[in-house]
Amino acid sequence: MKDEANVLNLVSRLQSEGYYGGVRLLMAICKVFRNYCKENGIVIHEGNFSLSYDTNIPRQTGLSGSSAIVCAALSCLLDFYNVRHLIKVEVRPNLVLNAEKELGIVAGLQDRVAQVYGGLVHMDFSKDHMENLGHGIYTPMDTSLLPPLHLIYAENPSDSGKVHSTVRQRWLNGDELIISSMVEVANIAEEGRTALLGKDYSKLFELMNRNFDLRRRMFGDECLGEVNIEMVEVARRVGAASKFTGSGGAVVVFCPEGPSQVKLLENECKKSGFILQPVKISPPCLNDVDRQTLS
């Protein structure tokens with residue numbers, strides 16, 4: 001009976017995490033880190049180490065659980081080899097992203113920037129910056145500028161979209177709708193920064209909803225998936241603003257009317273089988289050594 005339970009646990013884990021889990025992520029960042037040091041003349045010692053990981057980030061919720069493991073491992077490597085002062089903070093998100101690309105994971109820089117920096121960060125990915133610097137311009141902001149936010153996610157997401165996204169290819173093909181929508185998304189980020197600095201939360205409310213509407217227009221409902229759309233709609237039914245945390249799987253919500261509106265949202269989430277939690281903003285991750293490497 002005990003052996004059967006162990007086999008069932010093994011099968012359950014393989015179904016949810018695959019055959020590699022996070023170990024392949026650790027191996028990939030080790031390779032990317034070593035190659036970066038070699039290419040940039042950074043000498044590292046030959047000492048041995050072991051890496052292990054644990055995480056409390058819910059799976060398949062668009063909360064970047066994989067990149068969080070890679071980012072944490074990179075931080076360990078920086079300290080173990082004492083090279084934190086030699087690898088600029090701005091390039092670290094690229095290293096995390098490159099490790100994931102090694103494994104065929106399709107992703108962008110945004111989540112990795114947030115994890116490397118911590119706290120609240122404005123990101124400018126203008127073409128000139130990316131071409132001239134190889135990275136964006138990342139500006140830490142005061143987390144106290146944010147209003148109270150909440151997170152909605154499904155404990156066992158089953159429908160994350162049945163149609164593969166063609167947005168990237170359409171962008172490369174010069175699709176005017178995709179290009180104009182992406183420009184507007186970038187403008188929303190800049191407008192959001194201005195709204196936060198002025199604590200204009202009515203504008204923030206508007207921008208959050210507009211962000212999702214643009215994503216829905218570009219990707220289409222079949223690609224986004226019923227569960228993802230329903231999480232957004234649950235928030236909107238009680239008059240809250242909502243948008244994806246990333247590419248889908250979880251939704252960040254702003255309730256401008258305060259606790260009474262949050263209570264209504266909590267009731268709606270229970271009816272729909274979703275989990276609602278207050279967002280806890282992590283403090284900035286950068287220490288004194290890190291800050292000295294900033295451009």
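So the values come out like this:
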read-out	value
Selected residue (criterion: surrounded by the fewest Cβ atoms within 10 Å (Cβ to Cβ)) from residues of region 11-32 that are under 12 Å from SER66 (Cα atoms) and modelled with pLDDT of 85 or more	VAL23
Check on ILE152, of a type in the set (Val, Ile, Thr), outside any helix (DSSP H, G or I), touching a strand residue (DSSP E or B) at 6+ places or on another chain (Cβ under 6 Å) and surrounded by 21 or more Cβ atoms within 10 Å (Cβ to Cβ)	yes
Hits in region 135-161 - residues which are at pLDDT below 90 and either in contact with a helix residue (DSSP H, G or I) (Cβ under 7 Å, 6 or more places away or on another chain) or within 20 Å of LEU207 (Cα to Cα) (or both)	ALA154, PRO157, SER158, ASP159, SER160, GLY161
Cβ pairs under 8 Å, 6+ apart, first in region 179-195 and farther than 14 Å from LYS243 by Cβ and of a type in the set (S, T, N, Q), second surrounded by fewer than 14 Cβ atoms within 10 Å (Cβ to Cβ) and at pLDDT 95 or above	none
Selection count, region 88-136, where residues are outside any helix (DSSP H, G or I), in contact (Cβ under 8 Å) with a residue 60 or more places away in the chain, buried (at least 19 other Cβ atoms within 10 Å of the Cβ) and not hydrophobic (A, V, I, L, M, F, W, C)	0
The listed residue being open to solvent by less than 60 Å² (accessible area, probe 1.4 Å), more than 16 Å from VAL23 (Cα to Cα) and modelled with pLDDT of 95 or more, out of LEU74, LEU78, LEU63	LEU78
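The values are calculated or read from the model by the stated rules, or taken from the named source; none is laboratory data. Since the model is a prediction, treat every value here as computed from it, not as a measurement. Note that we place each Cβ from the backbone using ideal geometry, even for glycine, and neighbour counts take in every protein chain shown. Remember, those area values only see protein heavy atoms, side chains included, never the ligands or the DNA or RNA. Shrake-Rupley method; radii C 1.70, N 1.55, O 1.52, S 1.80 Å.
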